[in-house]
Amino acid sequence: MPAIAETGTASSQPKPPQAKSGSFRLWIVGTIVATVAATIVLLALLNYAKFDRIYQQHYTSRFILVLDDMKQTVERFLALGLSLGSMGDLGGGLTRAQALNTEIRTILLTSDTGEILTRTDGGGVALPTPWLKPAGEMPHRLELGNGLIALTAPVRTDFGALVGQVVLVHSDEGRQASTRQLLIQLGTQTAGIITVGGAIAAILWMYYLGRLRRRILTTAAAIEALDGTEDGLEFQKAIGEPLDPQLPTALEKTLAAQIELNAAGFAADMELPPEPEEPAPQPEKKS
């Protein structure tokens with residue numbers, strides 16, 4: 001009865017879960033593919049950010065050229081002795097400059113106090129009053145919302161006195177639409193590259209890890225074959241490629257040496273001298 005109870009207790013114990021042969025490979029391949037995919041996505045985002053920055057600079061440079069041309073025109077009028085307030089539309093120059101690009105919404109001329117002296121629109125574009133005061137040397141940039149960008153350039157006399165500024169307001173919707181379209185195309189292409197490249201990489205890595213697993217198991221089996229028997233030597237000759245190409249030769253030499261040692265030990269046991277016999281007890285002498 002105790003034996004039966006012990007047997008039942010032993011059989012009722014849960015067996016340890018055995019890992020599937022492909023689970024470890026899937027885990028490794030999944031990690032590799034996820035890392036490569038994340039790298040590709042980061043590279044795509046970096047390329048997009050670089051393109052967006054360069055495209056924005058190129059896009060804005062067109063309006064800066066128009067703004068700089070208007071600034072030089074106003075400064076030439078000042079050099080002729082005209083006052084800034086009497087220039088008006090500069091003989092239609094501001095309107096013609098706005099017609100050069102349909103994305104220009106308005107061009108303004110302001111005084112050194114921020115007063116708007118002339119503008120090409122009917123006041124549809126609202127600008128912050130403190131920002132209209134000229135300051136600095138380089139064109140300023142201000143986002144007005146609704147996709148509008150304002151650029152300013154200071155106007156100076158021949159003596160370097162700051163008397164006003166030229167303001168150009170343009171729409172940024174065209175650039176934003178182009179970058180959005182580029183982002184969609186880039187995302188689609190990146191997803192396709194990740195899908196195709198990930199599938200190819202997964203197949204190659206699964207094949208490589210499968211071969212590596214077989215070589216590891218073969219190596220382990222070859223090491224376990226070191227039992228010093230002829231069967232072990234025959235098994236060693238029959239196995240496939242191990243993890244180390246030099247392992248079969250080393251194991252063959254080891255097995256052969258073990259066989260020779262076993263044979264030498266057996267022969268030595270056969271040639272051992274016989275043990276000396278104990279002398280027979282002699283009878284006691286009677287007195």
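At q = 0.19, 0.29 Å⁻¹, what log₁₀ I(q)/I(0) does a Debye calculation on the Cα points of segment 110-172 give, no solvent, two decimals? Debye curve over Cα of segment 110-172, log10 I(q)/I(0) at q = 0.19, 0.29 Å⁻¹: -0.69, -1.39. Dipole size of segment 23-177 about its Cα centre, with +1 on Lys/Arg Cβ and -1 on Asp/Glu Cβ: approximately 520 debye, rounded to the nearest 20. Proximity of backbone amide H atoms, modeled 1.01 Å from N, is registered between T120 and I107 at under 5 Å, excluding neighbours fewer than 5 places apart on the same chain.
Rounded, prolate or oblate: which fits segment 57-162 when a ≥ b ≥ c are the square roots of the eigenvalues of the alpha-carbon gyration tensor, with rounded for a/c under 1.5 and prolate only if a/b beats b/c? It comes out rounded by the Cα gyration axes. Which whole-number percent of Cα pairs in segment 136-220 have a distance greater than 16 Å? Beyond 16 Å sits 75 percent of the P(r) for segment 136-220. The gain in end-to-end length when the Q176 to W131 segment is fully stretched comes to 13.7 nm, 0.36 nm per residue minus the alpha carbon separation. Among the GluC sites (Glu not before Pro) found in segment 112-220, those both in a DSSP coil and sparsely packed, with 10 or fewer other Cβ atoms within 10 Å of their Cβ, are E137.
Label-to-label distance for L217 and T39 is 3.0 nm, based on points extended 7 Å past Cα in the beta-carbon direction. Our estimate of slack between A79 and I259, defined as 0.36 nm per intervening residue step minus the Cα-Cα distance, is 53.7 nm.
The numbers here are math on the coordinates, done by the rules we state, and not lab data. What you see is a predicted model; the values in this text were computed from it and never measured. Here Cβ is always computed from backbone atoms with ideal geometry, including for glycine, and neighbour counts include all displayed protein chains.
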